[in-house]
Amino acid sequence: MFDYQLKKSKRRKTVAIKVHDQSVTVYAPHYVAQKQIDSWLLEKQPWIEAQLKKQLNAVDTKQYPLIHNKIKIFSDWVKLSFLESSLSDIQEHNNVLLVTHSTRVKNYNGKYESLIKQYLEEKLAAYIEMRINYYCKIMKEELPQKLSIAIYKRRWGSCNSRRELTFNLHLIGAPHAVIDYVIVHELAHLQYLNHSKDFWARVEAFFPDHKIASDWLKTQGTSLQWVF
Ligand SMILES: [Zn+2]
């Protein structure tokens, strides 16, 4: 038998089934016994299974491993929703990230991943760029030569002697304050390419809560590393 949700009501006179989004809901009058519902469902089983299969064909879950998934953007959960459309696109609206792909696309997974990744990269880069402008002003630092976003396993950001800064894409799920800390940390490396006392004094001067932010990354950081 399949899983279903039972909704009993005093006003209802008949039993009804709704199959939607791969789940079955049974509506029944309050006086109907469970046994009656079970035998009725058994009778209706072929129809229910046909409905489930039909909906499954419409959205093939094997092709959509991210389905029902959600991701964090700046510490808010955003639900992922997938749809076939005439063109590939991605839009965020009311905590839903709607990803559409053209029916001509062969590799759905790859297309979705690249669309989502690109979207998150642009979103994170836009935020970081804005904050770098702000912090460079107050730190009296020249703007970095280059800003990139990459996927790192063990670091949140990096800075080299060519003044090129890279930030981990997984930061997109973190609270703004934590991202700000990583920005100040990397900008402080423009003066000190080490973790010396002077380096930490510079971080402290422009981000006094650095300990809270770095503790957050130590304890919650792994929760940011999903899908990619
Ligand atoms: Zn560092």
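The values are calculated or read from the model by the stated rules, or taken from the named source; none is laboratory data. Quick caveat: nothing in here was measured; it's all calculated off a predicted structure. Note: ideal-geometry Cβ built from the backbone for every residue, glycine included; neighbour counts use all protein chains shown. Surface areas here come from the heavy atoms of the whole protein model, side chains and all, with no ligands, DNA or RNA. Shrake-Rupley method; radii C 1.70, N 1.55, O 1.52, S 1.80 Å.
Counting only residues that are small (Gly, Ala, Ser), farther than 13 Å from Gly221 by Cα and crowded, with 21+ Cβ neighbours inside 10 Å, region 159-186 holds 0 of them. Of the residues in region 153-171, not one is under 16 Å from Pro208 (Cα atoms) and away from the ligand (no atom under 15 Å from the Cβ). With the requirement that a residue be more than 10 Å from the ligand (Cβ to nearest atom) and surrounded by 14 or more Cβ atoms within 10 Å (Cβ to Cβ), what does region 187-199 give you? Those that are more than 10 Å from the ligand (Cβ to nearest atom) and surrounded by 14 or more Cβ atoms within 10 Å (Cβ to Cβ): Leu187, Leu190.
The rows are residues; the columns are (1) part of a loop (DSSP other than H, G, I, E, B); (2) in the same structural domain as Ile183 (by TED's automatic domain parsing); (3) at pLDDT 90 or above.
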site: Val105; (1), (2), (3): yes, no, no
site: Asn109; (1), (2), (3): no, no, no
site: Tyr112; (1), (2), (3): no, no, no
site: Ile128; (1), (2), (3): no, yes, yes
site: Ile132; (1), (2), (3): no, yes, yes
site: Cys136; (1), (2), (3): no, yes, yes
site: Pro144; (1), (2), (3): yes, yes, yes
site: Leu147; (1), (2), (3): no, yes, yes
site: Arg162; (1), (2), (3): yes, yes, yes
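If you take the residues in region 17-38 that are among the small types (Gly, Ala, Ser) and either under 29 Å from Phe82 (Cβ atoms) or surrounded by 13 or more Cβ atoms within 10 Å (Cβ to Cβ) (or both), which one is modelled with the highest pLDDT?
Quick first cut of region 17-38, residues among the small types (Gly, Ala, Ser) only: 23, 28, 33.
Filter again for either under 29 Å from Phe82 (Cβ atoms) or surrounded by 13 or more Cβ atoms within 10 Å (Cβ to Cβ) (or both), leaving 23, 28.
Details: Ser23: 75, Ala28: 90.
Only one residue fits best here, namely Ala28.
All conditions in (1) farther than 20 Å from Leu224 by Cβ; (2) at pLDDT below 95; (3) surrounded by 12 or more Cβ atoms within 10 Å (Cβ to Cβ) hold for Ile73, with the sole exception of (1).
Taking the criterion of being farther than 16 Å from Asp38 by Cβ and exposed (fewer than 10 other Cβ atoms within 10 Å of the Cβ), the residues of region 3-16 that qualify are Lys10, Arg11, Lys13, Thr14. Within region 86-103, the only residue that satisfies the criterion of being within 15 Å of Asn69 (Cα to Cα) and assigned to a loop (DSSP other than H, G, I, E, B) is Asn95. If I filter region 113-125 for residues that are within 14 Å of the ligand (Cβ to nearest atom) and either open to solvent by less than 60 Å² (accessible area, probe 1.4 Å) or out of contact with any Pro (no Cβ under 7 Å at 6 or more places or on another chain) (or both), do I get at least one hit? No, the conditions are met nowhere in region 113-125.
Screening Asp209 with (1) of a type in the set (Asp, Glu); (2) more than 14 Å from the ligand (Cβ to nearest atom); (3) open to solvent by less than 60 Å² (accessible area, probe 1.4 Å) gives one miss only, at (3).
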